[in-house]
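The values are calculated or read from the model by the stated rules, or taken from the named source; none is laboratory data. For clarity, every value in this text was computed on a predicted model and none was experimentally measured. Glycine gets a Cβ as well: all are built from the backbone with ideal geometry, and neighbour counts include every protein chain shown.
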Amino acid sequence: MVDNVNPSVTVSGQPVDASLISYTHIIYALHSLSVLIGLTSAVTIVGSFVFGLPSIIAVIMNYARQSDVRGTFLESHFRWQIRTFWFALLWVIVILAVSLPLMLIVVGFFTLWVGFVLLGIWVIYRIIRGWLALRDQRPVNP
């Protein structure tokens, strides 16, 4: 619900500054830009997401304003975005740790490719699901 007199949005009784909602949209847009770069270049989706400048800036933005969203529905979005980034990085490390030794017997090329494709799909899902919840001004429930 939007209050036309006050520039804040109220969801579940918690006042939320409209600028923080816009800020969160920008973070989702930066993550989406990383995915788009991964789709349209030689870099993988997850490679661009984890190591690309737009997503790194987005995560820094999350940490910079995390205390401002505490107690609001945006807190779940910040947690969702931060976890998406760090879990993606963790899974990149796991996929590489499994696939690199297996490359000696050629199987590793397949596991690397499949792992990165599945992880890229997971990242896209997390961005879309979170951004749609933000559009509806509701928290992201894991």
(message) Quick check on my filter: what residues within the range 76-96 are within 17 Å of Gly130 (Cα to Cα), touching a helix residue (DSSP H, G or I) at 6+ places or on another chain (Cβ under 7 Å) and touching a residue at least 24 places away in the same chain (Cβ under 8 Å)?
(response) His77, Phe78, Trp80, Gln81, Thr84, Phe85, Ala88
(message) Can you tell me which of (1) in contact with a strand residue (DSSP E or B) (Cβ under 8 Å, 6 or more places away or on another chain); (2) at pLDDT below 85 is the one Val11 doesn't meet?
(response) (1)
(request) For the range 123-136, state whether one or more residues are among the acidic types (Asp, Glu), under 30 Å from Pro15 (Cβ atoms), assigned to a loop (DSSP other than H, G, I, E, B) and without any contact (Cβ under 8 Å) to a residue 60 or more places away in the chain. (result) yes
(request) All but one of (1) modelled with pLDDT under 95; (2) crowded, with 18+ Cβ neighbours inside 10 Å; (3) assigned to a loop (DSSP other than H, G, I, E, B) hold for Val140, so report the exception by its number. (result) (1)
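Considering only the range 63-103, state which residues are assigned to a helix (DSSP H, G or I), among the polar types (S, T, N, Q) and crowded, with 16+ Cβ neighbours inside 10 Å. Please lay out each step first, then the result.
From the range 63-103, those assigned to a helix (DSSP H, G or I) are 63-69, 74-103; that's our starting set.
From the residues that got through so far, the ones that are among the polar types (S, T, N, Q) too are 66-67, 76, 81, 84, 99.
Ser76, Gln81, Thr84, Ser99 - these are the residues of the range 63-103 that are assigned to a helix (DSSP H, G or I), among the polar types (S, T, N, Q) and crowded, with 16+ Cβ neighbours inside 10 Å.
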